[in-house]
Amino acid sequence: MKKRIWLIVAAIMIMSILAACRFTPNLNWQIGSNPTSTPAPAIQTTTVPPIIINAEDITSTDQILTTIYDKVNAGVVTIISYTTSGEGSGSGFVYDYDGHIITNYHVVEGAESIEVAFASGRKVWATLVATDIDSDIAVIKVDVPSDELVPLSMGDSDALKVGQMVVAIGNPYRLTSTMTLGIVSAKGRVLDSLRTTEDMTSYTAGDLIQTDAAINPGNSGGPLLNLNGEVIGINRAIRTSGTTIEGEAVNTGIGYAVSINIVKRVVPYLIRDGKYDYPLMGISSSSTELTLSQWQMISDKVTSGVYVVSVTPGGPADQAGLVGGTKPTDLQGFYSGGDIITAVDGIPVKVYGDLISYIFKYKSPGDVITLTIIRNGQQKEVELTLGSRSQ
């Protein structure tokens, strides 16, 4: 009897010990090895300041945007162009009290008649004053009472910063007086110009603003504005990944606007002389940045700058002695041996857009620029007299 009691007591003690223990399996056990325990890592915490949303700031932003719309919308117009093949619509804005209106060239291209509709509801016919096919700018004119004209203030696109908020007002899909909001995504972008060379190669249009403000068909020619209500660009184009079932371009969130500093330089000439003459260098280069592997085919030291792909025979660059790439590489159609432009008039350039923007904004045909180039690993300076695109 005593033996049985002792067995019961021993069993109870063993069960108590097991109940007091916690068994944690080691996931790193292996057959034939002794299990070892790994201490848990200490929890690391990072102190992050809380995000505080101030309702007053939101209200203030709302008031800024609504004020811009109230003050600017009366100066934004809808443009309908009637051509032999049909009609198309776009946007524009009032430039002065003489009735001049700015829009894109492609909005009025080939138009036999041009209709302008104001936010007030007034509709009138317009006449074409002049066009600039290089930057896609057109000036038209209307004859209306002065109280109908609300010229918009023009800002300084050079002062823009990436990340700055901007708004677009226009006529997308003929939804008149539509306002959208976005930011400046980038500056100094380039697109193909509507002007072509004799061999049908497009020139380059420079100093464009990239924005994610919603721009759709019909916004072309309308203003892109800063939060001061100043025009800082003319909405020109969107990058698209395809078309809708109706055949319209799909907005991918990448839009382009002609910088207002180009407009301020060009439009007075269009009104006075009926034309504007752009400077010409006579080189071709890549509109996108070269990859590291491409740079390594060109140079063992340089990884940025404007690579001269080719030089127009007899053009300004050719006369200045610049050379393009002629040596075949492992990449089909890509040739090494060309000059690398790293600065213009002492100002560094990292991409083709930097060079084109500088020349477009500050130089004219006949001006002399000094290029810093690298050729065969050696740096040198070359003077180049700019030619004219219209010749």
Hey, can you tell me all the residues within region 254-285 that are closer than 25 Å to V323 by Cα and either over 23 Å from the mean Cα position of the chain (by Cα) or hydrophobic (A, V, I, L, M, F, W, C) (or both)? L280, M281, G282, I283
Conditions (1) farther than 29 Å from N261 by Cβ; (2) among the hydrophobic types (A, V, I, L, M, F, W, C); (3) crowded, with 17+ Cβ neighbours inside 10 Å -> L322 fails only (1)
Here are some residues: G163, G221, G155. Which one is free of Cβ contacts under 8 Å to residues at least 24 places away in the same chain and either more than 15 Å from the chain's Cα centre (by Cα) or exposed (fewer than 15 other Cβ atoms within 10 Å of the Cβ) (or both)? G163
Could you count how many residues in region 293-315 are over 27 Å from the mean Cα position of the chain (by Cα) and hydroxyl-bearing (S, T, Y)? 2
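Return a yes/no flag: does region 210-217 have any residue that is closer than 13 Å to V258 by Cα and either part of a strand (DSSP E or B) or outside the structural domain of S286 (by TED's automatic domain parsing) (or both).
Here is the first cut: in region 210-217, the residues closer than 13 Å to V258 by Cα are 210-211.
Still in the running and either part of a strand (DSSP E or B) or outside the structural domain of S286 (by TED's automatic domain parsing) (or both): 210-211.
Within region 210-217, one or more residues are closer than 13 Å to V258 by Cα and either part of a strand (DSSP E or B) or outside the structural domain of S286 (by TED's automatic domain parsing) (or both).
For region 166-190, what are the residues that are among the polar types (S, T, N, Q) and under 19 Å from the mean Cα position of the chain (by Cα)? It would help to see each step written out before you state the result.
Kept after step one, since they are among the polar types (S, T, N, Q), are these residues of region 166-190: 171, 176-178, 180, 185.
Of everything in region 166-190, those that are among the polar types (S, T, N, Q) and under 19 Å from the mean Cα position of the chain (by Cα) turn out to be T180, S185.
The values are calculated or read from the model by the stated rules, or taken from the named source; none is laboratory data. In this text, all values refer to a predicted model and were calculated from it rather than measured experimentally. Counting neighbours? That spans all protein chains shown, and the Cβs are built from the backbone with ideal geometry, glycine included.
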